[in-house]
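For reference, the structure discussed in these notes is given below.
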Amino acid sequence: MSVIADLIERDRVHGSLYTDPEIFERELDQIWYRTWVYVGHVSEVPEPNDYVRKSIGPQPVIMTRDRQGQIHLLLNRCSHRANMVCDAEQGNSSAFRCPYHGWTFSNTGKLLGYPFNSGYGGTELKAELGLGRVPRVEEYKGFVFGSFAADGPSLSEHLGGATDAFDRLARLSPLDEVEVTAGWVKHRVKANWKMLLENETDGYHPQFVHASIFSVAQSGIGELYGDKSTAVSRDLGGGHTENDLRPEFRRLGQPLGWFGTTAEKLPEYVSAMEAAHGAEQAREILIDGSPHVMVFPNLFIAEIQLFVLQPLAVDQTVQHVTAVQLKGGREMNRRLLQQTIGSVGPAGLLLADDSEMYERNFRGAQALRPEWLVLKRGLHRERTDSDGFTVGDATDEVPQRAIWRRYEELMGS
Amino acid sequence: VTATATDTLREVEQFIFREARLADEHAYDDWEALWTDDAVYWVPFGSDDADPEMRMSVIYDNRSRIATRIKQFKTGKRHSATPPPRVRRVVSNIELLEDGEELRAGANFVVYESRERGITLWAGRAEYQLRRAPDDTLRMARKHVFLVNNDRSLDTLSFLI
């Protein structure tokens, strides 16, 4: 059995971390079934008794809202003979009935009944045989997280330096609320999940991987990730990482410039933002734009999109993608959705090329030499910002080093 | 069935076969020329009747985004299509659903795609809305592609489906 600490150094990581099935199994136990993992958003189950099928890595989860409005994360497995109790992707029901022997469970996970109950000799099973559940469920700004560990750090401790990203995202809504109502496209790649995780805040790749669309669409995005960019890469602690583009957007000083448009094109949205925040603050918010933050291990707040990583095997990952929708931002939402559809998913003008890179990375990592992957970029110019976070230049590998530090903490203990 | 209806069906079939061949062969310019100026190219995700104005799709291109997509392929730096995958499709069950100023046709298809990742099979139904250009040849105003597995996770789709 490999010793993880031997495979991770400050400026390089061993290739087997991406390809060894035994390490993948350990990751499930040490990371996915232990730390806080993003599961879903409250707006996906808006009404009492709504439910939607979700996942924590390979684990099938049903996110329910009970009659009282409380959110539960239940495992989609009958407590009797392990059949799936929920087939529909989403719906509204106060109960789930197993098709195999008719056992019925409430949407809080309680066993409600089982047919021909005299067959159990009068023993009452209801108290002990509820659905399995994710023991800890917490939410922040409507984002629901689950942890399979009964005890451990709270969600707010876990989010730590990434908390601000949720606040910044919500602030783009005149009602301070994000909605996830556009549905998720599921994009499957033959690659290890950490290749996706690291790529989300890799500021070095856009000019190369996305050169085709930047040139065709005459996009300025490439410049944000150039050698001259004043944007920074940031280690937010806890494995959370960021490409902070605000220095560039502030330098340009153009409200909605980050979204490739102007305030004049979205008058209804801009006036709703001014009414909510005051003209001056609205202007600042609309100049700063949306965060580009990877929340370890599986939620990428990708400016106008959300990505959720779902590892299924050492060589198989599903990237779930949707458009951010802003409550009270009707005029903006259509554009957010249409731009997202163009960019992401299996045929996305951006993401098809990222996914090609993940798969090429994964095939390459099977080669035996040189055994290591190099993460030296920007080591000589790491610095500490005013909040005490480690930052580097836009194209530096500060985020990747931060991810591996957190990974080693979790895998080593 | 009148002779005229048979002629129209035959013409529509030939159009669909040609469109399929141009897509298979990554003949980007010729394929793009099949579209009308108000074209919509739609590949829904989740269900066949999801509202593309409200829900995520795999592709929901207006005419200008079709042009962008084609230009991107032609840069030679669209990594997911460089080199382009080897692709061949069979189109069958072609029906003329509506005849008139606007023609509507439906067809089933199976696509066999080979690339370094391996072989990927794509299957589904395509519906076409066709219109006559001033020179009387057919153009595509809509192409809707309903993949049979569009409610499950999909591989990267980097050719014209």
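Structural remarks
- Hey, B:Ala107 crowded, with 17+ Cβ neighbours inside 10 Å and in contact with an Asp or Glu (Cβ under 9 Å, 6 or more places away or on another chain) or not: yes
- Qualifying position, being assigned to a helix (DSSP H, G or I), within 13 Å of chain A (Cβ to nearest Cβ) and open to solvent by 40 Å² or more (accessible area, probe 1.4 Å), among B:Arg65, B:Arg21: B:Arg65
- Test: residue in region B:38-54 that is within 14 Å of chain A (Cβ to nearest Cβ), within 17 Å of the chain's Cα centre (by Cα) and of a type in the set (Gly, Ala, Ser): no
- B:Asp151 within 14 Å of chain A (Cβ to nearest Cβ) and in contact (Cβ under 8 Å) with a residue 24 or more places away in the chain: yes
- Within region A:171-227, the residues that satisfy the criterion of being over 19 Å from the mean Cα position of the chain (by Cα), facing another protein chain (nearest Cβ under 10 Å) and either under 19 Å from A:Leu309 (Cβ atoms) or touching a residue at least 40 places away in the same chain (Cβ under 8 Å) (or both) are A:Val209, A:His210, A:Ser212, A:Ile213, A:Ala217.
- Hits in region B:96-131 - residues which are within 14 Å of chain A (Cβ to nearest Cβ) and acidic (Asp, Glu): B:Glu113, B:Glu116
- Every test in (1) within 17 Å of the chain's Cα centre (by Cα); (2) within 14 Å of chain A (Cβ to nearest Cβ); (3) not aromatic (Phe, Trp, Tyr) is passed by B:Met140 save one, and that test is (2).
- Residues that are outside any strand (DSSP E or B) and more than 21 Å from B:Ala50 (Cβ to Cβ) within region B:125-159 comprise B:Ala133, B:Pro134, B:Asp135, B:Asp136, B:Thr137, B:Ser158, B:Phe159, listed in sequence order.
- Only one of A:Gln339, A:Gln316, A:Gln325, A:Gln310 that is within 14 Å of chain B (Cβ to nearest Cβ), surrounded by fewer than 21 Cβ atoms within 10 Å (Cβ to Cβ), over 25 Å from A:Phe214 (Cβ atoms) and touching a residue at least 24 places away in the same chain (Cβ under 8 Å): A:Gln316
- When residues in region A:162-181 are screened for being in a loop (DSSP other than H, G, I, E, B) and either in contact with a Phe, Trp or Tyr (Cβ under 8 Å, 6 or more places away or on another chain) or open to solvent by 20 Å² or more (accessible area, probe 1.4 Å) (or both), 5 of them pass.
- If only residues of region B:74-92 that are surrounded by fewer than 22 Cβ atoms within 10 Å (Cβ to Cβ) and in a helix (DSSP H, G or I) are counted, the one that is farthest from the other protein chains (Cβ to nearest Cβ) is B:Lys74.
The values are calculated or read from the model by the stated rules, or taken from the named source; none is laboratory data. Predicted model, so just to flag it, every value in this text is computed and none were measured. Methodologically, a virtual Cβ is constructed for each residue, glycine included, from the backbone with ideal geometry; neighbour enumeration extends over all protein chains shown. Only protein heavy atoms, including side chains, enter the accessible area calculation; ligands, DNA and RNA are left aside. Shrake-Rupley method; radii C 1.70, N 1.55, O 1.52, S 1.80 Å.
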